[in-house]
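Working notes for the structure below.
The values are calculated or read from the model by the stated rules, or taken from the named source; none is laboratory data. As the structure is a computational prediction, the values presented were derived from the model and not from experiment. Using ideal geometry, Cβ is built from the backbone for each residue, glycine included, and neighbour counts are taken over all protein chains shown. Quick note on the areas: whole protein, heavy atoms, side chains included, nothing else; ligands and nucleic acids left out. Shrake-Rupley method; radii C 1.70, N 1.55, O 1.52, S 1.80 Å.
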Amino acid sequence: MGRIGVDRVGKSYRQYRSEWYRVLGWFDTKSDLAADSRLLDHRASWVLRDVSFEIAAGEAVGIIGSNGAGKSTLLKLIAGTIQPTEGTVAVSGRVSAILELGLGFNPELTGRENAAYSAAMMGYRPHEVAERMLAIEEFAEVGEYFDAPLRTYSSGMQMRVAFAVATAWRPDILIVDEALSVGDSYFQHKSFECIRRFKAEGTTLLFVTHSLADVRALCDRALLMANGGIAKDGLPDEVVDFYNALIADRENGKLTIEQRRERDGWLTTTSGDGAVKVEKLVLTDNVNATPVRLARVGQPLRLTASLQTLRAVPSLVFGAMIRDRMGHVVWGSNTWHTRQQIEAVQAGDNITISLTFDCALGPGSYGITVALHAGDTHADSSFQWTDNILVFDVVNTEHPVFIGSSHLNASFEIVK
């Protein structure tokens, strides 16, 4: 139970020249929407085409991509709210879906009435709904509004009720389409804890999100959608880093992307047009200049980048970012924000840039990402972006034991 199979699925919608032709289309029995009809004067607009993948029971899969890539349409097909034009979708197990905000809700009914109606549509019997209604009300935490018409709700309150109903029973498959983005931080945290619990208990998870950190943290796998198809299917860090690189390619279309997995598991992703490159990158102790691969908590460090310019560029910005093993950003900045961008760089110029910092990190492994570009972000003329170009470990040998990815210069004060 909880398996999903999508086989050569396509979805198209008819676009008519006028409403009159749309009315005539109601009487058209042709199934091939791809063919133009002179009689009805319509054409097929394909949202998805030739999409195939399988999701195993208990697998957590995130779907990412730009707006209009077909992500939400794909979830609706899997949830069964719309049917494919071609191909097949096979789903085993009970499905619970949170799709468009307010989908299936009646604005004139109260939150309680909408909850009961939605649960009934999910296949639950009246006595089952009655048994869970108090739990739904408590999880939603909308107070007296639970017995007020839905039209008086904010978008966040609607999402609270929708999520509470969808998760009142643990489903075999949970589908979430960006709904949690409208909630406040407290309820987002509460909802993700529920999702994590479901995942641990074996629920298959499929969700669309623009939060790439959530994909890294929650998912076993990720799908990148582009132009109505699957552009990449793989491990979350591979797909997320690939997507980040694609974002920089929107303007010039000349970017190349290379990925390789190191023996220690870290993924290195490099992209850019190559006008300026990092020829050498070293991490050293900032006092005695010795190379560092194992840093101590609090140790003064220096990151030195030797750059090679292959083509003249009007402006050069150097950026660095530190991420932990889970891909969470610990720190990042660039010389645009510090107002140190280099102007009028010529071909053949050799440039050295150093970044000094104290190792205010917790024990663990960390990857350094570097970026060379022209503006404030790598989306503007990306010369080179390399994720995890350098990896180092941190140990705590001189400070009291603490947890987390950051070391605070903190102390307890006790007064008796």
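Once you charge only the Cβ atoms, +1 for Lys and Arg and -1 for Asp and Glu, what is the size of the charge dipole of the chain about its Cα centre, to the nearest 20 debye? Mind showing how you got there, number by number?
Numbers: 41 positive and 50 negative charges, 107 e Å.
Charge dipole of the chain: 520 debye, to the nearest 20.
In this structure the chain gives 52 Å² per residue of accessible area when probed at 1.4 Å with all protein chains present.
So what is the calculated 222 nm ellipticity per residue for the chain, using -39500 (n - 2.57) for each DSSP H run with n of 4 or more, over all residues, to the nearest 500 deg cm²/dmol?
On the way: 8 runs with 89 residues, N = 416.
Counting only the DSSP helices, I get -6500 deg cm²/dmol.
Of VAL282, ILE230, VAL297, which is farthest towards the positive pole of the chain's charge dipole, taken about the Cα centre with +1 and -1 on the beta-carbons of Lys, Arg and Asp, Glu respectively? Most positive-ward Cα: ILE230.
Would you work out what percent of the accessible area of the stretch 118-189, with all protein chains in place, is carbon or sulfur (probe 1.4 Å)? Kindly include the intermediate steps, with their values, before the conclusion.
Values: 1750 of 3460 Å².
C and S fraction of accessible area: 51 percent.
Taking the charge dipole of the stretch 255-403 about its Cα centre, with +1 at Lys and Arg Cβ atoms and -1 at Asp and Glu Cβ atoms, the residue from LEU267, GLN340, SER354 reaching farthest to the positive side is LEU267.
Taking Cα atoms only, the orientation of helix 111-121 departs from the longest principal axis of the chain by about 80 degrees.
Between helix 155-166 and the chain there is an angle of about 70 degrees, using the helix long axis and the longest principal axis of the Cα atoms. Excluding the site residues themselves, the longest part of the chain lacking any GluC sites (Glu not before Pro) in a DSSP loop with at most 12 other Cβ atoms within 10 Å is 263-397. Kindly express, to the nearest 10 degrees and within the range 0 to 90, the angle between helix 126-140's C-alpha long axis and the longest C-alpha principal axis of the chain. With both axes taken from Cα atoms, the answer is about 30 degrees. Taking mean projected area of the Cα convex hull in nm² as calculated from this structure, the corresponding entry among (i) 29.1; (ii) 25.2; (iii) 22.6 is (i).
Summing Cβ point charges (Lys, Arg +1; Asp, Glu -1) relative to the Cα centre of the stretch 111-225 gives a dipole of roughly 280 debye.
What is the dipole size for the stretch 288-409, taken about its Cα centre, with +1 at each Lys and Arg Cβ and -1 at each Asp and Glu Cβ, in debye to the nearest 20? List each step's numbers first, then the result.
Working: 7 positive and 9 negative charges, 36 e Å.
Approximately 180 debye in magnitude.
For LYS232, the amide hydrogen comes within under 5 Å of the amide hydrogens of LEU224, counting only partners 5 or more places away or on other chains and with H modelled in the peptide plane.
Going through the cross-link list LYS76/LYS232; LYS71/LYS199; LYS199/LYS232; LYS11/LYS277; LYS76/LYS199, which pairs have a Cα-Cα distance over 32 Å in this structure? Could the numbers behind the result be given before it?
Working: LYS76/LYS232 20 Å; LYS71/LYS199 21 Å; LYS199/LYS232 23 Å; LYS11/LYS277 43 Å; LYS76/LYS199 21 Å.
Table pairs above 32 Å Cα-Cα are LYS11/LYS277.
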